[in-house]
1. Quick one: net charge around Glu59, please, counting Lys, Arg +1 and Asp, Glu -1 for every other residue with C-beta under 15 Å from its C-beta.
2. Can you tally the net charge around Gly28? Count Lys and Arg as +1, Asp and Glu as -1, for every other residue whose Cβ sits under 14 Å from the Cβ of Gly28.
3. For the chain, what does -39500 (n - 2.57) per DSSP helix run (n ≥ 4), summed and divided by total residues, give at 222 nm, in deg cm²/dmol to the nearest 500?
4. With all pairs of different alpha carbon atoms counted, what Kirkwood hydrodynamic radius in Å does the chain show?
5. Given a Förster distance of 30 Å, report the FRET efficiency between Phe84 and Ala9 from their Cβ-Cβ distance, rounded to the nearest 0.05.
6. So what's Rg/Rh here for segment 37-97, counting alpha carbon atoms and using the Kirkwood radius for Rh?
7. Helix by helix, which DSSP H runs in the chain go 20 Å or more along their axis at the Cα atoms and have an average Kyte-Doolittle hydropathy of 0.0 or more?
8. Report the local net charge at Phe8: Lys and Arg +1, Asp and Glu -1, summed over other residues whose C-beta lies under 9 Å from its C-beta.
Amino acid sequence: MFAPIIPFAAYEGRLRNAQDASAEKISGHLEAVRKQQKPGILYLPPSALTPETLVFFDEIASLPVGAFSRGERKRLFRLSNYGFYILVMKFAIYFTRFGEGLDRTDPTGGTAA
């Protein structure tokens with residue numbers, strides 16, 4: 001599985017250029033992203049080689065490994081143990097769709113009240 005890594009500044013610029021949200025609402029959203037409070041977005045803080053970046057789980061794609069060049073590869077960063085734990089927890093929350101309020105005991109898949 002692969003997902004694009006998007007610069008935080010580009011995402012912020014896109015939000016600020018949108019005319020339907022107030023500056024206060026955008027700032028609150030960006031702060032929530034930085035605090036890892038948005039389950040579908042993984043925030044990656046700046047490292048020595050990369051700026052602040054984001055990974056959107058709804059953009060994950062499955063590609064064959066052969067689709068990538070077999071040339072020299074350069075590691076940009078690696079997750080700490082804590083970062084990996086956050087990634088696994090966000091995957092679990094995102095892919096089990098806890099936020100949708102599904103009643104998992106109802107065989108018809110009805111939503112919880």
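1. After counting each charged neighbour, the total is +2.
2. My count for the surroundings of Gly28 gives +2.
3. It comes out at -10500 deg cm²/dmol, rounded to the nearest 500.
4. Result for the chain stands at 16.6 Å.
5. Details: r = 25 Å, r/R0 = 0.83.
Once the sixth-power term is evaluated, E becomes 0.75.
6. 1.00
7. 81-96
8. Spelling it out: positives minus negatives among the neighbours equals -1.
Only the coordinates and a few stated rules stand behind these numbers; no lab work does. Remember, predicted model here, so these are calculated numbers, not experimental data. Positions of Cβ are generated from backbone atoms using ideal geometry, with glycine treated the same way; all protein chains shown enter the neighbour counts.
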